[in-house]
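Trainee: Mind looking over this structure? Questions follow.
The values are calculated or read from the model by the stated rules, or taken from the named source; none is laboratory data. Please read these numbers as outputs of a predicted model, since none were measured by experiment. Heads up, the Cβs are rebuilt from the backbone with ideal geometry, glycines too, and the neighbour counts pull from every protein chain shown.
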Amino acid sequence: MNEQPADHISKKRVVYRIAGMENTIVRKDVEYRRTDDDGLLTMDLYYPANAVPGSPLPAVVLVAGYADTGFETRLGCKFKEMAMLISWGQLIASMGLIAISYTNREPAADLDALLLHLRDRGAALGIDHNRIGLWACSGHAPLALSALMQPGREFLRCGALLYGYTLDLDGATHVADASRTFRFVNPGTGKSIEELPHDVPLFIARAGQDQFPGLNDSIDRFVLKELALNRPLTLVNYPAGAHAFDLLDDSPASRSIVRQVLDFLQAQLTRAGS
């Protein structure tokens with residue numbers, strides 16, 4: 001990571017912590033894709049400190065919706081190197097799950113390659129490849145939703161979306177406009193909410209004071225459609241919360257929402273019969 005001041009966004013950790021979370025086991029820079037044109041792409045895996053070899057655990061992929069080249073230009077580091085991702089990885093591992101962050105060049109294609117790798121090689125990595133969840137925030141969320149829409153992905157059991165853009169519904173263009181402005185990928189263009197599996201639970205954290213144009217409008221339309229379809233949806237609205245409240249707002253409300261996200265992921269990925 002390039003040297004940045006201590007208050008730079010790349011150095012901000014999640015405001016919630018679990019005792020001993022820094023003791024999680026981390027396997028860094030494990031190859032998941034290699035191409036002649038783009039070279040090597042890698043992932044970091046965060047394991048519980050008490051993980052038992054030979055006992056596969058569910059995993060949560062921390063979805064990257066921006067290409068690392070542009071992300072690094074803007075923030076001085078790859079997405080997986082941000083203190084936010086490191087601390088979310090530690091928190092998720094502290095819940096008895098495996099967290100996965102990764103490098104990318106083509107966000108949509110590389111996430112597909114990563115998920116395929118986890119399906120094919122998950123056992124060797126200590127992963128229960130039939131129990132994988134997705135976590136995403138902000139402009140990374142459209143890619144996570146698109147991944148959930150792909151056929152043949154019954155192994156994706158849930159998604160947690162924090163203050164994230166969703167889908168353009170009812171003729172709105174907020175997500176497409178933001179994608180062009182902020183340069184995150186938006187594979188959900190032209191897709192309908194009916195393409196989401198009806199039985200995949202979603203957790204959505206909404207920041208009531210979010211200033212990003214159209215973001216909350218996209219969440220509100222999405223939630224109304226999900227409820228009309230009677231889908232398994234958990235919505236937490238933080239009326240006083242701003243964008244990235246999990247990093248910038250060290251308050252009881254913010255810490256409570258982070259804990260709710262962790263509890264949701266653990267419950268959905270470890271519940272009996274899942």
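Trainee: Out of all the residues in region 226-241, which are out of contact with any Ser or Thr (no Cβ under 9 Å at 6 or more places or on another chain), of a type outside the set (A, V, I, L, M) and not in a strand (DSSP E or B)?
Mentor: Quick first cut of region 226-241, residues out of contact with any Ser or Thr (no Cβ under 9 Å at 6 or more places or on another chain) only: 226-235, 237, 239.
Next cut, of a type outside the set (A, V, I, L, M) only: 226, 230-232, 234, 237, 239.
Residues satisfying the conditions are GLU226, ASN230, ARG231, PRO232, PRO239.
Trainee: Which residue pairs have Cβ atoms under 7 Å apart, sit 6 or more places apart or on different chains, and have a first residue in region 245-274 that is in a helix (DSSP H, G or I) and a second that is of a type in the set (Lys, Arg)?
Mentor: Once the first residue is in a helix (DSSP H, G or I) and sits in region 245-274, its partners that are of a type in the set (Lys, Arg) give LEU247/LYS12; LEU248/LYS12; GLN268/ARG157; LEU269/ARG131; LEU269/ARG157.
Trainee: I need the full set of residues from region 69-93 which are of a type outside the set (Val, Ile, Thr), assigned to a helix (DSSP H, G or I) and modelled with pLDDT under 95, in order please.
Mentor: Just the residues of region 69-93 that are of a type outside the set (Val, Ile, Thr), to begin with: 70-72, 74-85, 87-91, 93.
Adding the requirement that they be assigned to a helix (DSSP H, G or I) leaves 70-72, 74-75, 79-81, 83-85, 87-91, 93.
Selection gives GLY70, PHE71, GLU72, ARG74, LEU75.
Trainee: Here's a follow-up. Taking the condition of being within 17 Å of the chain's Cα centre (by Cα) and basic (Lys, Arg), how many residues in region 24-81 meet it?
Mentor: Number of matching residues: 2.
Trainee: Right, another one. Would you say ALA144 is farther than 29 Å from ILE86 by Cα and out of contact with any His (no Cβ under 8 Å at 6 or more places or on another chain)? Walk me through it before giving the result.
Mentor: Working: farther than 29 Å from ILE86 by Cα: no; out of contact with any His (no Cβ under 8 Å at 6 or more places or on another chain): yes.
Criteria not met by ALA144.
Trainee: To continue, here is another question. May I ask you to say which residue of VAL30, VAL61, VAL52 is closer than 30 Å to ARG271 by Cα and modelled with pLDDT under 95? Talk me through it step by step, then tell me what you get.
Mentor: Details: VAL30 fails: modelled with pLDDT under 95; VAL61 fails: modelled with pLDDT under 95.
So the residue among VAL30, VAL61, VAL52 that is closer than 30 Å to ARG271 by Cα and modelled with pLDDT under 95 is VAL52.
Trainee: Output the residues belonging to region 94-115 that are crowded, with 21+ Cβ neighbours inside 10 Å and either among the basic types (Lys, Arg) or part of a strand (DSSP E or B) (or both).
Mentor: Selection gives ILE98, ALA99, ILE100, SER101, TYR102.
Trainee: I've got another one for you. Looking only at strands (runs of 3 or more DSSP E) that lie completely in region 116-215, which have at least 3 residues being without any contact (Cβ under 8 Å) to a residue 60 or more places away in the chain and crowded, with 16+ Cβ neighbours inside 10 Å? Outline the logic, then answer.
Mentor: Values: elements: 127-137, 156-162, 202-207.
Counting at least 3 such residues, we get 156-162, 202-207.
To keep it simple, each residue is scored yes or no on (1) over 12 Å from the mean Cα position of the chain (by Cα); (2) within 14 Å of TYR66 (Cα to Cα); (3) basic (Lys, Arg).
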| residue | (1), (2), (3) |
| --- | --- |
| GLY89 | no, no, no |
| SER94 | yes, no, no |
| PRO107 | yes, yes, no |
| LEU111 | no, yes, no |
| ARG131 | yes, no, yes |
| HIS140 | no, yes, no |
| MET149 | yes, no, no |
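Trainee: State which residue is surrounded by the most Cβ atoms within 10 Å (Cβ to Cβ) when the search covers only region 3-56 and only residues that are among the polar types (S, T, N, Q) and in contact (Cβ under 8 Å) with a residue 60 or more places away in the chain.
Mentor: The first filter runs over region 3-56 and keeps only residues among the polar types (S, T, N, Q), leaving 4, 10, 23-24, 35, 42, 50, 55.
Keeping just the survivors that are in contact (Cβ under 8 Å) with a residue 60 or more places away in the chain gives 4, 10, 24, 42, 55.
Numbers: GLN4: 14, SER10: 21, THR24: 23, THR42: 17, SER55: 8.
It comes out as THR24.
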